[in-house]
1. Only one of these is open to solvent by 80 Å² or more (accessible area, probe 1.4 Å) and of a type in the set (A, V, I, L, M, F, W, C): V169, V174. Name it.
2. Contact list please: Cβ distance under 8 Å, first residue in the stretch 115-134 and without any contact (Cβ under 8 Å) to a residue 40 or more places away in the chain and open to solvent by less than 60 Å² (accessible area, probe 1.4 Å), second residue assigned to a loop (DSSP other than H, G, I, E, B) and not aliphatic (A, V, I, L, M), pairs at least six apart or on different chains.
3. Looking only at the stretch 135-163, which residues are among the polar types (S, T, N, Q) and open to solvent by 70 Å² or more (accessible area, probe 1.4 Å)?
Amino acid sequence: MATETTAGMSGRPSPWLLLLLGVAVAVYVATQMFSGRTVSPAVRTANPRPAAGAGQRDRIDPAELDVKIEALKQSPAAPTDGARNPFRFQPKPPPPPMPTEAQRPFVPPPPPVPTGPPPPTPIGNLIKFIGIIETRGARIGAFSDCRYTFSGRDGEVIEGRFRVVKIQVESAIVEYVDGQGRTTLPLNGQACVGK
């Protein structure tokens, strides 16, 4: 008798058979993964339909279906005011009554707006302080309305409507002749250039 090397005789499978089986499983797994098909999960219905002939106990008696068609013809209730408070367990109090003429408090009318002459134009919009001339006794300020130049010492009236109150090192205090609109004009030699 010859020695047989088949798998059936020795009880061990052949390595070639195992390799072939492994390749077949790998090909099957690869085709399932990369085929693009997705498996949809089974969907359960909430109320499955009873099978035909499930019994008389599941049937609905038409007499139990009491449809009130008259109720469908009625108009719906008017909406509420919307001031619902889920934390309040009592009815809403009625609104307070409207006050009558006798109950209303007296409100005085606003005071009248004084009508008079408008306030004077700010002096800084009319003249500029453009320079200082130092003399032995006092300082002389140079003022300009960007057309003409005026000079003045402390206390003098320039252009017939402005009084020089005080000439300082970098500014001059000027007011209208009647004492209104007192303004401090800064020293600016370039204020009228290009105007």
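The values are calculated or read from the model by the stated rules, or taken from the named source; none is laboratory data. What you are looking at is a predicted structure, and each value in this text was computed from that prediction instead of being measured. For neighbour counting, all protein chains shown are included, and Cβ atoms are generated from backbone atoms with ideal geometry for every residue, glycine included. When the accessible area is computed, the model is the full protein with side chains, heavy atoms only, and any ligands, DNA or RNA have been set aside. Shrake-Rupley method; radii C 1.70, N 1.55, O 1.52, S 1.80 Å.
1. Values: V174 fails: open to solvent by 80 Å² or more (accessible area, probe 1.4 Å).
So the residue among V169, V174 that is open to solvent by 80 Å² or more (accessible area, probe 1.4 Å) and of a type in the set (A, V, I, L, M, F, W, C) is V169.
2. Hits for this filter: L126/D145.
3. Narrowing the stretch 135-163 to residues among the polar types (S, T, N, Q): 135, 144, 149, 151.
Of everything in the stretch 135-163, those that are among the polar types (S, T, N, Q) and open to solvent by 70 Å² or more (accessible area, probe 1.4 Å) turn out to be T149, S151.
A quick yes/no check of all residues on (1) more than 30 Å from D145 (Cα to Cα); (2) surrounded by 10 or more Cβ atoms within 10 Å (Cβ to Cβ); (3) modelled with pLDDT of 80 or more; (4) more than 38 Å from the chain's Cα centre (by Cα):
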| position | (1), (2), (3), (4) |
| --- | --- |
| P86 | yes, no, no, no |
| K92 | yes, yes, no, no |
| R104 | yes, no, no, yes |
| P108 | yes, no, yes, yes |
| P111 | yes, no, yes, yes |
